[in-house]
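K.L.:
This is the structure, below, for whatever I ask next.
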Amino acid sequence: MSVRLSEEVQDMLSASSDLESVGDIYYQVSKAVEMKNEKKHWFNQEQRDGLKEMNLLVDRAFDVMLKNLENSNKEIEIEEAKLIEESINKLRSKLRKKHLKTVGIEGYNMKAGMVYSDIFSSLEKVGDHIINITETLAGEHELN
């Protein structure tokens, strides 16, 4: 196997691993939401809005990643992907700060809050895996 082919195989394995991790994260999120719903713990409007905003950013990251996968032999849009990843990280930090400020306030549903925190943190991890794939396509991702 040539060096170039070996690198391509390593890149494919790395991207495959990141995609598997994304699937695992979404599975865990679905189980947490399922349990939350069974126990009738509900998110407040601010939490729902925060998760909606985070999901929209992650969807944008997926769109760029998919576009880059389709164009992998052409130009990769790494800058747009990095800007979205930055936005995801900033939003996660903003949601975490708001969440921590509301913990302990009377009427705050702590069990729903824990699921909420897990979900926005998990979505940020999805963003990390998405950017890893784009960086791999662009030849910028270091393999571990």
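Taken together, the values in this text are just the output of simple stated rules run on the coordinates, not laboratory data. Predicted model only: the values in this text are computed from it and were never measured. Cβ: placed from backbone, ideal geometry, glycine included. Neighbour counts: every protein chain shown.
K.L.:
Considering every Cα-Cα pair within the chain, what fraction, in whole percent, is farther apart than 28 Å? Could the numbers behind the result be given before it?
P.N.:
On the way: 2938 of 10296 pairs.
Every Cα pair in the chain considered, those over 28 Å come to 29 percent.
K.L.:
Further, regarding this structure: When only alpha-carbon atoms count, how far does region 6-68 stretch along each of its three principal axes, as whole angstroms with the largest first?
P.N.:
51, 22, 11
K.L.:
For the pair LYS39 and ASP63, what calculated FRET efficiency results from E = 1/(1 + (r/R0)^6), where r is the Cβ-Cβ distance and R0 = 41 Å, to the nearest 0.05? Write down the numbers at each step before the final one.
P.N.:
Values: r = 34 Å, r/R0 = 0.83.
Between ASP63 and LYS39 the formula returns 0.75.
K.L.:
Sketch the reach of a paramagnetic label on TYR26 as a point 7 Å from Cα along Cα-to-Cβ, and name the residues of region 56-85 whose backbone nitrogen lies under 20 Å away.
P.N.:
Residues 56-71, 81, 84-85 qualify, since their backbone N sits under 20 Å from the label point.
K.L.:
Just to confirm my numbers, what's the Cα centroid distance between region 68-144 and region 1-45 in Å?
P.N.:
12
K.L.:
Considering only the other residues whose Cβ falls under 10 Å of the Cβ of VAL22, what net charge follows from Lys and Arg at +1 and Asp and Glu at -1? Kindly include the intermediate steps, with their values, before the conclusion.
P.N.:
Values: positive: LYS125; negative: ASP18, GLU20, ASP24, ASP128.
Its environment carries a net charge of -3.
K.L.:
Cα-based Rg (one decimal) and Dmax (whole number) for region 65-144, in Å?
P.N.:
Taking only Cα atoms of region 65-144, I get Rg and Dmax of 16.6, 56 Å.
K.L.:
Order these by the 10 Å Cβ neighbour count, fewest first: ARG4, ARG60, ARG92. Display every interim value, and only then the final one.
P.N.:
Working: ARG4 8, ARG60 18, ARG92 21.
The fewest-first ordering by Cβ neighbours comes to ARG4, ARG60, ARG92.
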